[in-house]
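Beneath this line is the structure, given in structure tokens, with notes to follow.
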Amino acid sequence: MGYDRARDYAMLRAAEIGRELGYTHFAIEGEQNATETKEFSYSLPSQSTSYVGVYRTPVTTYGNQTFSETVRFHRPMLRVQYYQRPPEGRHLEVYEVSRVIEDLCSRYDVILPADRPR
């Protein structure tokens, strides 16, 4: 998935949330390519396999030692400001919730859960 498509899906999700909350417009705050760094750690039990006997039968032993590794990754962020009506004043780009949903659902052939027949 390329950057443009990922951005479109983020915009679609922002519009979907806005519609669910009853807003008609939204604007993106800050840089659209902002990221934050997250990290997590995990541990796995140590394990070793030995081959014993004439037939070289594998025997796996589990120790009580663990190793940990911290993984860092960048997660894209999109900060959104919602409005009940078109805001007054100067805004770089204000999006209409219904138009974003209509355009992007049509472009990517997406049906949002709220729009599915019941």
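Throughout, read-outs are computed from the coordinates displayed, never taken from laboratory work. What you see is a predicted model; the values in this text were computed from it and never measured. Quick reminder, even Gly has a Cβ in these numbers, built from the backbone with ideal geometry, and neighbours come from all protein chains shown.
For the pair LEU112 and ALA6, the difference between a 0.36 nm per residue extended length and the Cα-Cα distance amounts to 36.5 nm. Residue exposure proxy: ASP109, ASP103, ordered by other Cβ atoms within 10 angstrom of their Cβ from fewest to most, comes out as ASP109, ASP103.
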